[in-house]
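Quick notes on the structure that follows.
The values are calculated or read from the model by the stated rules, or taken from the named source; none is laboratory data. Predicted model only: the values in this text are computed from it and were never measured. As a convention, Cβ positions derive from the backbone with ideal geometry for all residues, glycine included, and neighbour counts pool all protein chains shown. These accessible areas exclude ligands, DNA and RNA; they are computed on the full protein's heavy atoms, side chains included. Shrake-Rupley method; radii C 1.70, N 1.55, O 1.52, S 1.80 Å.
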Amino acid sequence: MNAHRERAYNFTAGPAYFPDEVIRTIQNDLYDFRGTGLGVMEISHRAPLFEELLDETTRRLRALLAIPASHEIIWATGGGTGQFSMVPMNLSLPGHEGNYFVAGVWAEKAYQEAKRFSPAHVAATSAESRFASIPKSFSLSAKPAFFHYTSNNTIVGTQQREEPSVGEIPLVCDASSDILSRPIDVAKYGVLYACAQKNLGPAGITAVIVRRDLLDRAPADLPILMTYKVLVENKSLYNTIPTFPIYGVNEVLKWVERNGGTAEMERRSIERSSLVYEFIDRHSFYRGHAEKSDRSRMNLSFFCPTPQLDALFIKEAEAANLKGIAGHKLLGGMRASMYNAFPLEGAKALVEFMKGFSERHAQ
Ligand code: PMP
């Protein structure tokens with residue numbers, strides 16, 4: 001129990017946990033932003049103040065991820081799913097195929113979406129093991145236009161921390177659930193995107209990092225808001241951008257800066273996730289879903305001995321202020337999502353709870 005804590009430990013997969021201090025700042029800024037007498041939601045997206053805020057947010061993301069000058073940053077609407085459409089719309093080439101590395105449910109969805117309107121090829125899949133592991137090899141199509149993979153598979157709880165090696169083929173990564181959780185080499189990517197609501201801030205905006213030379217691939221008749229080049233040329237302000245999410249992302253990025261950047265985020269994620277995985281491995285009552293070598297440091301999926309005990313675990317955890325720990329409906333069991341902002345104390349509280357639960361319910 002952590003009855004002393006006013007706010008719950010929130011294990012949901014996203015929209016996810018915010019640092020307490022960021023929530024407090026947001027409360028203030030909703031009323032009066034930077035002494036202007038305007039709440040942050042009341043500022044025009046065309047006001048210099050907002051343009052400054054947007055620039056600041058973009059600069060922060062660039063610095064935190066060490067994004068090279070060869071790459072542009074777009075703030076897009078439509079979530080991660082929007083990019084499932086925009087990637088093939090913008091990167092397809094006549095007579096070429098989009099290649100998809102399908103190691104999770106969202107990767108499968110990305111492939112299914114691409115296939116609706118462009119040639120798409122499954123380079124590898126681990127669907128047969130319910131995505132418990134990351135495929136160890138892949139086979140490319142004859143003429144790959146790009147290679148899409150998901151660095152962290154949110155639903156099943158696996159993570160691919162090493163980029164697939166695909167030579168000159170533009171590498172596209174859905175980093176929705178592990179962006180900023182470790183240093184990465186952005187220069188290796190053609191496109192890297194992440195919806196905000198896990199590691200970046202409020203739901204409603206998606207960061208898309210695009211290598212500049214790829215911007216010219218898009219056909220001229222693409223819907224205007226779907227066109228990376230248009231968004232770049234207009235600094236993501238072609239139309240009214242979701243202003244509050246941008247503000248929220250900036251606050252979260254400031255928090256990441258204050259807390260040591262991606263290297264420290266990585267250290268914390270290792271510490272938090274190891275605590276829980278080590279406990280699972282020492283207690284046969286619990287069974288992890290992901291193959292050990294492919295385990296995610298962000299989303300930890302596990303089971304009790306029976307589905308009935310899973311249901312009871314979720315109910316009792318909720319009552320103990322450990323919220324949102326039910327697994328995704330496609331997998332069942334439990335999923336503890338612990339993104340950047342998630343405190344170590346929350347992981348400790350979970351382990352403590354797991355210990356008590358297994359003692360009470362062991363056969
Ligand atoms: N990709 C991944 C890896 C995700 O985890 C999610 C959502 N949880 C999505 C894409 C879809 O994002 P959205 O709901 O913003 O469309």
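In the range 112-128, the qualifying residues are those that are open to solvent by 30 Å² or more (accessible area, probe 1.4 Å) and in a helix (DSSP H, G or I), and the one that is farthest from the ligand (Cβ to nearest atom) is Glu128. Put simply, of Glu162, Glu168 the only residue that is open to solvent by 20 Å² or more (accessible area, probe 1.4 Å), acidic (Asp, Glu) and more than 27 Å from Ser337 (Cα to Cα) is Glu168.
Criterion applied to Leu215, Leu200, Leu225 was being more than 18 Å from Glu266 (Cβ to Cβ), within 16 Å of the ligand (Cβ to nearest atom) and touching a residue at least 12 places away in the same chain (Cβ under 8 Å), and the one residue passing it is Leu225.
Taking residues in the range 143-161 that are without any contact (Cβ under 8 Å) to a residue 24 or more places away in the chain, and partners anywhere that are away from the ligand (no atom under 11 Å from the Cβ), the pairs with Cβ atoms closer than 9 Å and at least 6 places apart or on different chains are Arg161/Arg182; Arg161/Ile184; Arg161/Arg297. Restricted to helices (runs of 4 or more DSSP H) entirely inside the range 1-99, those with at least 1 residues that are within 16 Å of the ligand (Cβ to nearest atom) are 79-91. When residues in the range 298-338 are screened for being of a type outside the set (S, T, N, Q) and open to solvent by 50 Å² or more (accessible area, probe 1.4 Å), 11 of them pass. Selection over the range 171-197 of residues that are open to solvent by less than 10 Å² (accessible area, probe 1.4 Å), within 13 Å of the chain's Cα centre (by Cα) and more than 9 Å from the ligand (Cβ to nearest atom) gives a count of 5.
If you check Arg258, Arg161, which single one turns out to be closer than 30 Å to Leu300 by Cβ, basic (Lys, Arg) and under 18 Å from the mean Cα position of the chain (by Cα)? Result: Arg161 is the single residue among Arg258, Arg161 that is closer than 30 Å to Leu300 by Cβ, basic (Lys, Arg) and under 18 Å from the mean Cα position of the chain (by Cα).
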